[in-house]
Amino acid sequence: MNESGALLMDHRSHFVLLLVVAVFVASCSSGGAPADRRTASGSTRILYPAAPAQAVVEWVGAIGTHADVDTRSRTWRKVLVGEEEQEASLMAPTAVAIGPDRTIFVVDQHLRGVVVINQDQRRFELFRGASPGSLFQPVGVAVAEDGTLYVSDASSQAVYSYDRDLRFVRAYGGAGIFDRPTSIALTPGGDRIAVCDTGRHAVDVIETATGLAVMTLGGHVGSARDGEFNFPVAAAFDGEGYLYVSDYLNFRIQVFDPAGDLDLIFGSAGDSPGNLNRPRGLVADSDNGVLYEVDGAFQLVQMFNLDGELLMWFGEPGQGPGQFSLPSGIAKRDELLVVADTLNHRLQLFRFLGAPQ
């Protein structure tokens, strides 16, 4: 193992140890250790945090293959020509969004497309677009309330939109405007879309109706100055239009008001709860005052209030229920919370039970 890998493992071990100590000392009032609680029928529920604290998050299940949605056998041909058919399954899910009908859209970078999942409809399909909206290297995904689907494509240097029937609508950006568009986020009304451009270390906010840029945040390569970014990898809007950005290699989250003015910065590198070692996916839940942050180094989800104060966390490294291996994207609609568990080749589904007390 190289030096950086050894340090990362040491940070993870130290973080897990700190979580255990914190949970023990604080009787799990703010920690993330799961609790197995029996229902009246005798089945086990996995809840976070552990008793005697009030449960906030419940693990619901996982989706990794078509069989998790529909018991009927189904295969799809892999993207590379000449390879044999394989079972329809997730390979490297990285970004996720939930539509108004609870259809889940998952960017799978290995499959080079978006997997469309709807459990009620027993739907598990691979969407790769069609010219002029063909997908070659999709990275980010978002869904508007009218069902419009947005997907960023790093290879095409554009963001594409599709109607609710997945028909191409239009392209945003392109070569000369974006360098490497990655994560995207929509305002609650769907009138603006934020595009993280990791190549330019910038975040562009664009009107979805006109395609015109409203503002550009950052843009100085690898800067640690306030309001600048060193690889902005995720974004999220809250209900009031505030924009939250995961500033990956600055180990922080920056918050901008609707006018684009810097409002808040929080986070730093470290191995303690509340630190941001590899901040990735974000979800801002204004109704409950919670910001969810997926941390790829700690392999868990941290929950902050909208002022950047740690409320609790859930998850740990592993392959079991509620355990992660390089989690990345996250999405929430109503009580449903979905996390892209990349190296476990699956989505994990959780139910939000109520804001932490």
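Would you mind stating whether S161 is open to solvent by less than 50 Å² (accessible area, probe 1.4 Å), in a strand (DSSP E or B) and not hydrophobic (A, V, I, L, M, F, W, C)?
Answer is yes for this residue.
Could you check, for segment 113-127, whether at least one of its residues is touching a Phe, Trp or Tyr at 6+ places or on another chain (Cβ under 9 Å), outside any strand (DSSP E or B) and over 22 Å from E293 (Cα atoms)?
no
Would you point out which residue out of D263, D226, D271 is out of contact with any Cys (no Cβ under 6 Å at 6 or more places or on another chain), surrounded by fewer than 20 Cβ atoms within 10 Å (Cβ to Cβ) and assigned to a strand (DSSP E or B)?
Only one candidate qualifies: D263.
Which residues, counting only those in segment 127-147, are open to solvent by less than 20 Å² (accessible area, probe 1.4 Å) and more than 20 Å from the chain's Cα centre (by Cα)?
Correct list: G133 only.
Give segment 298-323 a look and list any residue that's buried (at least 21 other Cβ atoms within 10 Å of the Cβ), more than 14 Å from the chain's Cα centre (by Cα) and either in a loop (DSSP other than H, G, I, E, B) or modelled with pLDDT under 95 (or both), or say none.
F298, G315, G322
If F324 satisfies every condition in (1) in contact (Cβ under 8 Å) with a residue 60 or more places away in the chain; (2) farther than 26 Å from A194 by Cα but one, which is the exception?
Among (1) in contact (Cβ under 8 Å) with a residue 60 or more places away in the chain; (2) farther than 26 Å from A194 by Cα, the lone unmet condition for F324 is (1).
Name the residues in segment 298-347 that are charged (D, E, K, R) and in contact with a helix residue (DSSP H, G or I) (Cβ under 7 Å, 6 or more places away or on another chain), would you?
Within segment 298-347, just E316 meets the criteria.
Just to be sure I understand the filter: pairs with C-beta atoms under 9 Å, separated by 6 or more residues or on different chains, first member in segment 342-357 and under 19 Å from R280 (Cβ atoms) and acidic (D, E), second member open to solvent by 30 Å² or more (accessible area, probe 1.4 Å) and assigned to a loop (DSSP other than H, G, I, E, B). Which pairs pass?
none
Only one of S156, S152 is part of a strand (DSSP E or B) and either farther than 19 Å from T342 by Cβ or hydroxyl-bearing (S, T, Y) (or both). Can you tell me which?
None of the others qualify; the one that does is S152.
Look through V151, V69, V60 and report the one residue that is over 24 Å from E316 (Cβ atoms) and modelled with pLDDT of 95 or more.
Working: V69 fails: modelled with pLDDT of 95 or more; V60 fails: over 24 Å from E316 (Cβ atoms).
None of the other options fit; the residue is V151.
For segment 234-249, how many residues meet the condition of being open to solvent by 40 Å² or more (accessible area, probe 1.4 Å) and under 19 Å from G270 (Cα atoms)?
Qualifying residue count for the region: 2.
The values are calculated or read from the model by the stated rules, or taken from the named source; none is laboratory data. Note that the structure is predicted; figures quoted are calculated from it, not measured. For neighbour counting, all protein chains shown are included, and Cβ atoms are generated from backbone atoms with ideal geometry for every residue, glycine included. Accessible surface is based on the protein model in full, side chains and every heavy atom, while ligands, DNA and RNA are left aside. Shrake-Rupley method; radii C 1.70, N 1.55, O 1.52, S 1.80 Å.
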